[in-house]
Every structure is written in C-alpha cells, then in structure tokens.
Amino acid sequence: MTAAMHPRGDSAPLVILGTMNFGARTPDAEARRVIQRAVERGVTHLDTANAYAEGASERLVGEALRSYPNLHVATKVGMGSMRGPPEGLSRARLAVAIPQSLTRLGLGSVPLLYLHQPDPKVSQDELLDGVEDALSRGWIGAWALSNHSAWSSLALITAADARGLPRPVAGQMLYNTIIRDLEHEYLSFARATGLTTVVFNPLAGGLLTGLHPREAALPGTRLAKNPTYQRRYGSARLRDLVDELRVVAQAAEMTLTALAYRWLVSQPGVDGVLIGPGTVRHLDEALDALGAGPLSDEVRREVDKAWRAWRGTDAVYAR
C-alpha cells in the first residue's frame, strides 16, 4: 500500500482505524477523542470514504491530519453516498470525486485510494483511464480495491500490467469468524499476487459483541438502523453460530469480542485489521484484544469446529 503497509510476513497484522461512524453515529467531539487516543496508543493508519456520513468522516479525518500530519490515510470513492445509488467509477466521476475528497481531507494527494465497490456499468479500460489520470495528476499515491472478487481483481491487475500502470496494492474485504468466504480462494490469490489484504467488519457489525438479543438488534445500532447490515447479519442461523462461539469464548476465559479480534490475528492471510470503534472505550477494547496476540491452536480448532458444524458442508465449487 504505502511504505508503511505491506503483507505482514511473520509480524502481527496492521491495525487501521476505520471512521465510518464519524460524523454520523459518533459525535464529532467523541470522534476527535477516538483519533487522539488511537494515536496515543500507536495507531498510524486511518481509513475513510467519501460515502461515510456524506463526506463528514473525511472532513473529521482532515481535521485530525492538521494535528497529526504523519498519519497514513486511505479513502475510497465509487459509492458516493450511503443513502442513494452509487456514484460509480466512470472516468468523469473519478475526476470529480477524487478532488472533492482531497478538499475535505485538506490534502493535495492521498497516499492510497480504494475503489469502494465494482461498477459493472463502466468498462475496464475506462476505469483504468480514470485511475491513470489520478496517478498522473498526483492526486493519489497508489490505488487499491474494495469488495472486489478474486477474478475481477486479477482482471484489473492483468490490464494494469498490460498498460504499464502500477498495480492495485491492496484489497479491503469482509472477513470475520462467521463470514469466511475469503478462505475459498481470495486469500490464496492475494498472497500469490502480492496483494495486501485488509479486512473489515471484525465484529460483524456488532453481532460479535454478544450484546444483541436474539429477537432484535439493540436500538440505535448499525444492526438496527442499517438495511445492509440487517441483510448481512440478520438471520437467526447466524445468531445460532454466535451462541456457539460465545461458548468457545467462555471456555477460553475471554469475551466474545476478544475472541473475534484475536481470531483475525491468528489468520496468516490477514495483513491489516480495520476496526471501527464508535467510542474511546470500544477503541481500547479492540486494541487490547488485538494486542493480546493470536489464539491458541486449541481455541482456533474450537472456532473452526463450531463454524464447520454451522456451515453444514465442506463442499466448494473448486478443489
């Protein structure tokens, strides 16, 4: 990604402060305290997007950069809004969206730009034209992908190579103890191509805090208010798996939240973990858990056992 972000090797995954809540569920004053505390505890990377709180998150991150100019920042374009249809990744749209993000961030160039999600309406050539424009104008230091499949990521890598463009350097992907589709092929693909893997939703939108009753999500939370999270994590079957993982955590004498974070530290294909605390307390809980290191082999086996029993089959489309 940048000189300070790369496949982890034998080290612990990089911890990245996500700011999706900033300017929305997290009031500005608390967002500032979260960033200050994160810096005090050694966090060096922030992640935002033009879609988060309709740009308010980027503005708060830009404000923080004036106090902490050495922070590494990544932003995303392509979604544009959490409320309406996506803005897309056309060359013309990128030429507007990227400068707007830079203005909110108070930067002339952002170290890393993610394409927030695929845009099936835009050709590969047009998308790469937009990326090439951004690189040549110095708006971005590097580019990366988010929510892209292995095959679509490889197609863009191959096309970038053919044009002599720098490759995308990272993929930001959904991965946690209950949603593990990355294991089918993406993690192996990323390692083979040198693509850094950053994972988001470590607590499954709050489901892995264990605080939500089975009947309904707690009022005011993402699970209660966000339709995307309701579709992603709202099934009774997932709550069955969470109950099983809670038993594993109790037997290991740790919280379900700690189990979820430490499991990610235990996964060798995870190069970075994106945390999204809404409060200083949640930040400290996340950093304490991640700092405790990987799970024991025994606890990992119990997590896998619970997940495989819940999944019900080991069949995948390719062996």
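Taken together, the values in this text are just the output of simple stated rules run on the coordinates, not laboratory data. Computed from a prediction, not measured in an experiment: that's the story for all the values here. Quick reminder, even Gly has a Cβ in these numbers, built from the backbone with ideal geometry, and neighbours come from all protein chains shown.
Quick look at the numbers
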quantity: Per-pair calculated FRET efficiency, R0 = 25 Å: residue 54 and residue 280 via Cβ, rounded to 0.05; calculated: 0.55
quantity: Peptide ranges 165-176, 112-123 listed from the most packed, as the mean C-beta count within 10 angstrom indicates; calculated: 165-176, 112-123
quantity: Burial order of peptide ranges 264-277, 33-46, 183-196 (average beta-carbon count within 10 Å, highest first); calculated: 264-277, 33-46, 183-196
quantity: Between 0 and 90°, nearest 10: helix 256-266 axis offset from the chain longest Cα axis; calculated: 60 degrees
quantity: Added length on full extension, which subtracts the Cα-Cα distance from 0.36 nm per residue, residue 83 to residue 240; calculated: 53.5 nm
quantity: Distance between modelled label sites at residue 174 and residue 298, nm, 7 Å Cα→Cβ extension; calculated: 3.5 nm
quantity: In nm, spacing of pseudo-spin labels at residue 125 and residue 41 (7 Å Cα→C-beta vector); calculated: 4.9 nm
quantity: Sum of -39500 (n - 2.57) over DSSP H runs of 4+, divided by residues of the chain (222 nm, nearest 500); calculated: -13500 deg cm²/dmol
quantity: Label-point gap, in nm, between residue 68 and residue 10 - each point 7 angstrom along Cα→Cβ; calculated: 3.0 nm
quantity: Dipole of the chain, positive end: most advanced residue of 245, 95, 85 [Cβ charges, Cα centre]; calculated: 85
quantity: Cα long-axis angle, helix 91-105 against the chain (0 to 90 degrees, to the nearest 10); calculated: 70 degrees
quantity: Convex hull per residue volume in Å³, alpha carbons only, for the chain; calculated: 134 Å³
quantity: Protection proxy ranking of 238-246, 300-308 - average other beta-carbon atoms within 10 Å, highest first; calculated: 238-246, 300-308
quantity: Label zone at residue 318 (point 7 Å along Cα-to-Cβ), backbone N below 20 Å, segment 135-160; calculated: 145-160
quantity: Fewest-first ranking of 52, 261, using other Cβ atoms within 10 Å as the exposure measure; calculated: 52, 261
quantity: Exposure proxy ranking, count of Cβ atoms within 10 Å, fewest first, for 87, 126, 253; calculated: 253, 126, 87
quantity: Gain upon complete extension [residue 211, residue 136; 0.36 nm per residue less C-alpha separation]; calculated: 22.2 nm
